[in-house]
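Only one structure is covered here, and it is reproduced in the block below.
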Amino acid sequence: MARNKYDIDETLQSEFNFSHLKRLGSYIKPYRKDIFITILLLTISSGLGMLAPRILMVIMDDYIPNGNIKAIAVVSILLLLIYFIVSVIMKMKITLTARMGQNIIHQIRSDIFGHLQKLPFSYYDDKPHGKIQVRVVNYVNSLSDLLSNGIVNTVTELFSLVFIVAFMLSINVRLTLVCLTGLPLLMAVIFTIKKKQRVAWQRMSNKQSNLNAYIAESINGIRVTQSFTREQENIEIFNTLSNDYRSAWMRAVKLNFLLWPAINNISTWTMAAVLFLGITWLDGGLEGITIGVLVAMTGYIGRFWQPITTMANFYNSLLNAVSYLERIFETIDEPVLVKDAPDAIEMPPIVGEVKFKDVTFSYEDDVPVLNGISFTAKVGDTIAIVGPTGAGKTTIINLISRFYNLDSGELTIDGIDINKVKIASLRKQMGVMLQDSFIFSGTIMDNIRYGNMEATDEQVIEAAKTVRAHDFIVNLENGYETEVNERGTRLSVGQRQLISFARALLADPKILILDEATSSIDTETEILLQEGLSRLLKGRTSFIIAHRLSTIKNSTCIMYVDKGLIQEMGNHEELLAKKGYYYELYMSQYKFLEKS
Ligand SMILES: Nc1ncnc2c1ncn2[C@@H]1O[C@H](COP(=O)(O)OP(=O)(O)OP(=O)(O)O)[C@@H](O)[C@H]1O
């Protein structure tokens, strides 16, 4: 997938894609009983409503001229009853359709979110997170009206239209035909603006997505923005994107609103034509044309255009929905590139031997990042990975958890190819501490327990004590019950890392991965942590990426990685004696520390 950015529109699909609507139909299918009941109720209500002009015709042509007061009273009560039944049905319809619409939306949203949970890192590498979020929240919401009211109203209005035309035909065929001449005109208008409307809705959804992506990016980067006083530039970028969205929205809405004037005009012309011809024919004494017929016909013509307007609205919502559905289904269909093989087995309890055999890997085609990595970490080994920035250190450890697929080569744990085991069974047995120790919103206790949901409070506290996190936690206002916000901004970076240490310890993994995990801990904390860390590492195979070499001096093996290859390998003393890359690195840090 091509990498996307907040100011790059996602590609527009050129053709109206019916398959999306068909697929939406599969979400609607379970509610067909509700839809049927609602449509039936609405059809009854609309049929009852249709009787009014007809009753009026009888009153005008028969009861009033004959002074039949009793009949007028009976019919008036009948009308009242009809309107009461109609209002009860309307209330039932609102409840049924709202429930159905929200249920469908919930289902689509949960499918899209469920799928997002399975998508590999590579998907998130290529897409601004705001553009993903807008799909789950806004796009799905935008289907709400279509699902709750659109479908039911349109089908009902279609029935109404049939009723209306039937009533009109029963009153006067000629005048009905005059009224129907407006329809081809309307079709011509719809056909002319159809494509423009669809493209306009698609563009609008793209601009909305761009704006969302930028908002998410700006919020995430607000600290950097304020540090570099880039607020004004950000506001300008935001205004440009917001303006694009506004213009796209205005264009879509303008095209949308073209239909109403068209319908209004056509309905006025047909009404004028019916009245003109009707009065002319009445004057000429044409059989079947009376004042009552003209009054009833004008009543029906007024109603005739109502369902047409509803259907035109539905059509607009449909075009709008298709532009959203495209994105929603694209996400649900996004291939899960890192997934279990069909015959994948459960990873047996890990002992801890990790073997890379000539592993090559690239994030992007033709840009190799690892060029043939081979090494073996024996059970309980602590392997430190060092090297210049961008050398491929994080990539190596990401492959152990199978966050990406290898291009070639083999990676085995306890002799089992990791491609052949279920990913969840593999990751469950690993402890990973990434560069940014992620803190979730909730209490400190919850955050540590994330490593093992079954752990008791005592076990959580024990883990925190082991990694020396306990002292700072008990000093917080509510101790372990202190609420922290998402990303843990109220904690220092070092404190966040200590929490993630405790979390990893609680998970009790056989393989432990620490990416830069100790880089932000001050010297005092680091000394405290060394003891905890050595307990954490005991009996586990560990991989540590640390720029601060003091942390890894005691590792079983240190690998110096550069240009996607292991350039040197050995323990601290061996590598120093070799006077190669590691020696240079160590000496430069040592000199730097001496100077400072
Ligand atoms: N998601 C990604 N998509 C494309 N390229 C990537 C991605 N992540 C890393 N790279 C590239 O792969 C190379 C290795 O990156 P990696 O993160 O493994 O380096 P590193 O040795 O861990 O660096 P550092 O010490 O700075 O963390 C770099 O050139 C980097 O630009």
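The values are calculated or read from the model by the stated rules, or taken from the named source; none is laboratory data. All of these numbers come straight from a predicted model, not from anything done at the bench. Glycine gets a Cβ as well: all are built from the backbone with ideal geometry, and neighbour counts include every protein chain shown. All accessible areas refer to the heavy atoms of the entire protein, side chains included, with ligands and DNA or RNA removed. Shrake-Rupley method; radii C 1.70, N 1.55, O 1.52, S 1.80 Å.
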Completion exercise
With a 1.4 angstrom probe the carbon and sulfur portion of accessible area for the chain, in percent, totals 60 percent
Practice task
May I ask you to work out the translational diffusion coefficient for the chain at 10 °C, viscosity 1.306 mPa s, via Stokes-Einstein with Rh from the Kirkwood sum over Cα pairs, reported in whole µm²/s?
Solution key: 53 µm²/s
Handout entry: Peptides 292-299, 62-69 ordered by average Cβ neighbours within 10 Å, highest first
Key = 292-299, 62-69
Problem - Relative contact order for the chain, counting Cα pairs under 8 Å that sit 6 or more residues apart, in percent - result: 14 percent
Exercise for the section: List, in order, the whole-Hz ³J(HN,Hα) value for each residue of the stretch 547-564 obtained from phi through the Karplus relation with A = 6.51, B = -1.76, C = 1.60 and θ = phi - 60°; use x for Gly and Pro. Expected result: 6, 7, 5, 4, 5, 10, 3, 8, 4, 4, 8, 10, 10, 9, 10, 8, 6, x
Practice task
Enter the angle in degrees (range 0 to 90, nearest 10) between the Cα long axis of helix 291-333 and the first principal axis of the Cα atoms of the chain, meaning the one along which they spread out most.
Solution key: 10 degrees
Exercise for the section: Rank-order 101-113, 71-83, 136-148 by packing density, defined as the average count of other C-beta atoms within 10 Å over each peptide's residues, highest first. Expected result: 136-148, 101-113, 71-83
Exercise for the section: Mind pulling the angle between the C-alpha long axis of helix 69-118 and the longest principal axis of the chain? Nearest 10 degrees, somewhere in 0 to 90. Expected result: 20 degrees
Practice task
Could you please state, rounded to a whole Å, how far the C-alpha centre of the stretch 61-127 is from the C-alpha centre of the stretch 203-236?
Solution key: 39 Å
Exercise for the section: Tell me what the chain gives for mean residue ellipticity at 222 nm when only DSSP H runs of n ≥ 4 count, each as -39,500 (n - 2.57), the sum divided by the residue total, rounded to 500 deg cm²/dmol. Expected result: -20000 deg cm²/dmol
Exercise for the section: Report, ordered by chain and residue number, the aspartates and glutamates lying within cross-link reach of Lys578, taken as a straight Cα distance under 13 Å and ignoring same-chain residues fewer than 8 apart. Expected result: Glu568
Completion exercise
Taking a ≥ b ≥ c as the square roots of the eigenvalues of the Cα gyration tensor, with a/c under 1.5 meaning rounded and otherwise prolate when a/b exceeds b/c and oblate if not, the stretch 430-508 is rounded
Fill in the blank from the handout: Per residue, the convex hull enclosing the alpha carbons of the stretch 18-333 has a volume in Å³ of 161 Å³
Practice task
Can you work out the accessible area per residue across the chain, with the rest of the protein chains kept in place, probe 1.4 Å, in square angstrom?
Solution key: 50 Å²
Handout entry: Eligible aspartates and glutamates near Lys195 by straight Cα distance, threshold 17 Å, same-chain separation 8 or greater
Key = Glu15, Glu326
Handout entry: Proximal lysines to Lys196, defined as alpha-carbon separation beneath 16 angstrom and excluding residues fewer than eight positions away on the same chain
Key = Lys254
